[in-house]
Amino acid sequence: IFLIFSFLGSVISAPNVLDFGDLMIFGMAIPNILGLFLLSGRVREKLDDYWKRLKSGEFDQEAAKS
């Protein structure tokens, strides 16, 4: 696959190669944005729980420093 795209990149004009690269980056960003949206509630719950436990002194502060 790498060799195929290396060959195509050398044959096709530069603006087309750059447009294709931008399209692939956009294609990789869509699932990440969707995952961030779907997991945001769970992350908020875990973060709130973490801060509550940290402020209550449930964690050993000295162990965290080392």
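Just so you know, all these numbers are worked out from the coordinates, no wet-lab data involved. If you're wondering where the values come from, they're calculated on a predicted model, not measured in any experiment. Cβ: placed from backbone, ideal geometry, glycine included. Neighbour counts: every protein chain shown.
Which net charge results for the neighbourhood of E58, defined as the other residues with beta-carbon distances under 12 angstrom from its beta-carbon, given Lys and Arg at +1 and Asp and Glu at -1? Result for the neighbourhood of E58: +1. Of the residues W51, V17, A29, the one whose Cα sits farthest toward the positive end of the charge dipole of region 2-56, with +1 on the Cβ of Lys and Arg and -1 on the Cβ of Asp and Glu, is W51. Please list, by residue number, every one of the chymotrypsin sites (Phe, Trp or Tyr not before Pro) in region 1-60 that is coil in DSSP and has at most 15 other beta-carbon atoms within 10 Å. Passing sites in region 1-60 are F59. Globularity index of region 2-56 is 2.04 (Cα radius of gyration / 2.2 N^0.38 Å, N = number of residues).
Note on S40 and R53: the extension gain reaches 2.7 nm, defined as 0.36 nm multiplied by sequence separation minus the Cα-Cα distance. When +1 charges are put on Lys and Arg Cβ atoms and -1 charges on Asp and Glu Cβ atoms, the dipole computed for the chain relative to its Cα centre reaches about 200 debye.
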